[in-house]
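Taking it in order: structure first as structure tokens, then the write-up.
The values are calculated or read from the model by the stated rules, or taken from the named source; none is laboratory data. What you see is a predicted model; the values in this text were computed from it and never measured. Quick reminder, even Gly has a Cβ in these numbers, built from the backbone with ideal geometry, and neighbours come from all protein chains shown.
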Amino acid sequence: MLKAAEPRSRRMVARSSEAPSIRRTLVGLHGYRALIRNLVIKDLKLKYRGSLIGFVWSLANPLLTAAVYTIAFRSILRIRSEGFVFYLMLGLLAWTFFASSAAMSTGSIVDNGGLLKSVRFPRAILPIATVLFTLAQYLLTVLVFLPLMLIVYRIRPAAPMLLFPVIVALQALFTIGVALILATSTAFFRDVRHLVEVALMVLFWTTPIVYTIHDVSGRLPQLILLSPLSSFVTAYHNIFYDRQWPSLEIWAIAITYTAVALSLGLWLIVRYEDSFAERV
């Protein structure tokens, strides 16, 4: 019995002594995909548990925000752009997905100290599950919002709209990268949570959500386009509002931000995940 157990124990020691790597983390994420799914489902159930109207609350927030901005820009500032509400909602929904993910990800590691100290699993699962939770809400909202707006504003389907899943996938990967960076940083520096609140406010106004890039003069359009969320929001506006293909510049910026954020996020969490239990 003892001899039969020895090789097995040696194999277990060898596995646990493997150096952390991005490849090992990605393999672990695939192996724990059921856990990720269960975490997302659990959060969705908890969010709407005990609520009388459930999912409708996810629609209420962006709709109320759009109503406030519509009144401010159309009734007070007298901006009469055709289809302004549709343009505004496209940007607001994409922004809400990113902002909610970023804000929630700051606590995905530090708020789960008990789990980190008792169970061994890839730590990247926690911030990734947070992003997938907000992504699920975003997609459910879009499924209701987009057909309604297309009918209300009599916008005919166009070929560029087929790019929607591609843009969503790019934004989701970019957001996962940002979430990994923020989750890791917050484990060592709690001030990150407060900095994120300020950063999100700045990012909102440097992203063409309540205005178009064409409304800005001088060299500001190029600077605004370099804001992290601008390329994604502009791509949504292009395919749905303008019914045209996003430019190569938009694609280049979006792909670059996605690659950099995801690579940096994975590297950081792999580099420091063994220290999380001591920090939370």
So, first residue in contact (Cβ under 8 Å) with a residue 60 or more places away in the chain and at positive phi in segment 240-253, second residue surrounded by 14 or more Cβ atoms within 10 Å (Cβ to Cβ) and in a helix (DSSP H, G or I), Cβ within less than 8 Å, six or more apart or across chains; the pairs are R243/P160; R243/M161
Please find, among P165, P127, P122, the residue that is outside any helix (DSSP H, G or I) and either in contact (Cβ under 8 Å) with a residue 40 or more places away in the chain or surrounded by fewer than 19 Cβ atoms within 10 Å (Cβ to Cβ) (or both). P122
Candidate set: segment 263-279, residues that are charged (D, E, K, R) and farther than 16 Å from F121 by Cβ; chosen: the one farthest from the chain's Cα centre (by Cα): E278
Test V178 against the stated conditions and say whether it is hydrophobic (A, V, I, L, M, F, W, C) and loosely packed, with under 15 Cβ neighbours inside 10 Å. no
Candidates F84, F97, F55, filtered to the one that is aromatic (F, W, Y), farther than 27 Å from E273 by Cβ and modelled with pLDDT of 80 or more: F84
Of all residues in segment 138-162, which are touching a Ser or Thr at 6+ places or on another chain (Cβ under 9 Å) and either on the phi > 0 side of the Ramachandran plot or buried (at least 20 other Cβ atoms within 10 Å of the Cβ) (or both)? Y138, T141
Would you check if there is a residue in segment 12-21 being modelled with pLDDT of 70 or more and either crowded, with 19+ Cβ neighbours inside 10 Å or assigned to a helix (DSSP H, G or I) (or both)? no
Selection status of R193, modelled with pLDDT under 90 and not polar (S, T, N, Q): no
Quick test for you: out of T186, T234, pick the one residue that is buried (at least 17 other Cβ atoms within 10 Å of the Cβ) and under 27 Å from Y69 (Cα atoms). T234
By residue number, the members of segment 104-119 that are assigned to a loop (DSSP other than H, G, I, E, B), hydrophobic (A, V, I, L, M, F, W, C) and in contact with a Ser or Thr (Cβ under 9 Å, 6 or more places away or on another chain) are I109
